[in-house]
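In what follows, a structure is listed as structure tokens, so that the remarks can point back to it.
None of the figures in this text is laboratory data; all of them are computed from the coordinates on show. Since the structure is predicted, the reported quantities are computational estimates derived from the model, not experimental observations. Here the Cβ positions follow ideal geometry from the backbone for every residue, glycine too, while neighbour counts run over all protein chains shown.
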Amino acid sequence: MTSLSELPIRDDLRGREPYGAPQLDVPVRLNTNENPYPPSPRLVEALGRAVADVAGGLNRYPDRDAVELRKDLADYLGHGVTARQVWAANGSNEIIQQILQAFGGPGRSALGFEPSYSMHPIITRVSGTEWIDAYRDEDFGLEAERAVAAIEEHRPDIVFLTSPNNPTGTSLPLEAIEAVLAVAPGMVVVDEAYAEFRREGTPSALSLLPGHPRLIVTRTMSKAFAMAGTRVGYLAADPAVIDALLLVRLPYHLSAVTQAVARTAIAHQDELLGAVEALRAERDALVGWLRGEGFEVADSDANFVLFGRFPDRRAVWQGVLDRGVLIREVGPPEWLRVSVGTPEEMAAFRAALKESV
Ligand SMILES: *Cc1c(COP(=O)(O)O)cnc(C)c1O
């Protein structure tokens, strides 16, 4: 036995902490923004059949380029996106890693606007790329001038914009994204993991793809699609961007089982996305309830809500957990984040919170 500190690990990894949202076995889990509705028995059966169909060919490597899956994802995205513009990987985290491998690396930098998704800086640094913190506005929005100023100051090779943003729920107007595209010297990644939960009238950056070959829009099947366990994320971009990612991806990175399960899920998108409407309504009700209770609440276009403020948020988080409800201690110091669950789960959360503050 030895310890990590005694291993000849890379100097820049020394002292780092692994990503670690707690995975606790409690009755109500509202901490990682999953869709709370499991697949129906009918879909479970279809998924089983799809896996059985590929099982007989598992002695062979899978389709290396996941062509059929990319076609399905392109059709799902719409906006005129074609399979040549789509790339898929094991979660959008792997997509982000491949983007960093192709466009970042030693001597290069990536910039994001905090508070935002913690994996952007983690994956950036692990790829040997420098991470630069810029900041959102007081209300968690991002004024175009502020974004442009940060980019002009730092000239990053990659800019991350998360919309709707995690952990705040805030989405960006297209004007802000266009302003960033106009001045960014390198690639611009718009992380749209929560796109399906946007409120009416909130646009997607997909509409900016024509004419912007350095724009990458990332999506995932982990949230609205209710397939977090499948591990499929994807992106839409200019076909040349996919050519770049082909240089860094591991061969056969997406297993035949993953591809089959993802394609089956997409074929059943009506069922899987059927809960999105209900989750958005539940989210809006939650925002209203929290405000009614006197909390500060960030506007949300996602399936979670950031609320505060708590001088001792750890105590509130623990109080809620002691009542069987796991939420997330994340974001600015005095705030907590709760994912939107089923009506029963939200009732449990509301009761637990009231007893904990
Ligand atoms: C959850 C999340 C992801 C998704 O990660 P997967 O690897 O696809 O599960 C990506 N970006 C943001 C902002 C997220 O919150």
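Per the helix-only calculation at 222 nm, which mean residue ellipticity applies to the chain, given -39500 (n - 2.57) for every DSSP H run of n ≥ 4 and division by its residues, nearest 500 deg cm²/dmol? Please report the intermediate quantities before stating the final value.
Details: 12 runs with 135 residues, N = 357.
One gets -11500 deg cm²/dmol as the mean residue ellipticity at 222 nm.
Below 8 Å between Cα atoms, with a sequence gap of 6+, how large is the relative contact order for region 54-269 in percent?
On the way: 402 pairs, mean separation 57.1, N = 216.
Relative contact order here is 26 percent.
Determine the equivalent ellipsoid of region 276-353 by diagonalising the alpha-carbon gyration tensor, then write out the semi-axes as square roots of 5 times the eigenvalues, largest first, rounded to whole Å. Walk me through the intermediate numbers first.
Values: eigenvalues 69, 41, 23 Å².
Values for region 276-353, descending: 19, 14, 11 Å.
Would you give the gap between the C-alpha center of region 1-56 and the C-alpha center of region 88-160, rounded to a whole Å?
When both Cα centres are located, 23 Å separates them.
Find the percent of Cα-Cα distances in the chain that exceed 36 Å, and round it to a whole number. Could the numbers behind the result be given before it?
Working: 14109 of 63546 pairs.
Roughly 22 percent, once rounded to a whole number.
So for Met346, Met221, fewest C-beta neighbours within 10 Å to most, what's the order?
Numbers: Met346 22, Met221 28.
Fewest-to-most Cβ neighbours within 10 Å comes out as Met346, Met221.
Using a 10 angstrom cutoff on alpha carbons, build the Gaussian network for the chain and name the most mobile of Glu178, Glu114, Glu17.
Largest GNM mean-square fluctuation: Glu17.
Restricting attention to region 97-151, which GluC sites (Glu not before Pro) occupy a DSSP loop and are surrounded by at most 10 other Cβ atoms within 10 Å?
Values: sites: Glu130, Glu138, Glu143, Glu145; in loops: Glu138, Glu143.
Qualifying residues, ordered by number: Glu138.
Taking the number of other C-beta atoms within 10 Å as the exposure measure, put Leu279, Leu111 in order starting with the fewest.
Numbers: Leu279 23, Leu111 26.
Going from sparsest to densest Cβ surroundings: Leu279, Leu111.
On the principal axes of its Cα set, how long, how wide and how thick is region 169-241? Give whole Å, largest value first.
The Cα atoms of region 169-241 stretch 37, 29, 17 Å along their principal axes.
Taking the beta-carbon count within 10 Å as an exposure proxy, list Val86, Val357, Val287 from fewest neighbours to most.
Listing Val86, Val357, Val287 from fewest to most nearby Cβ atoms yields Val357, Val287, Val86.
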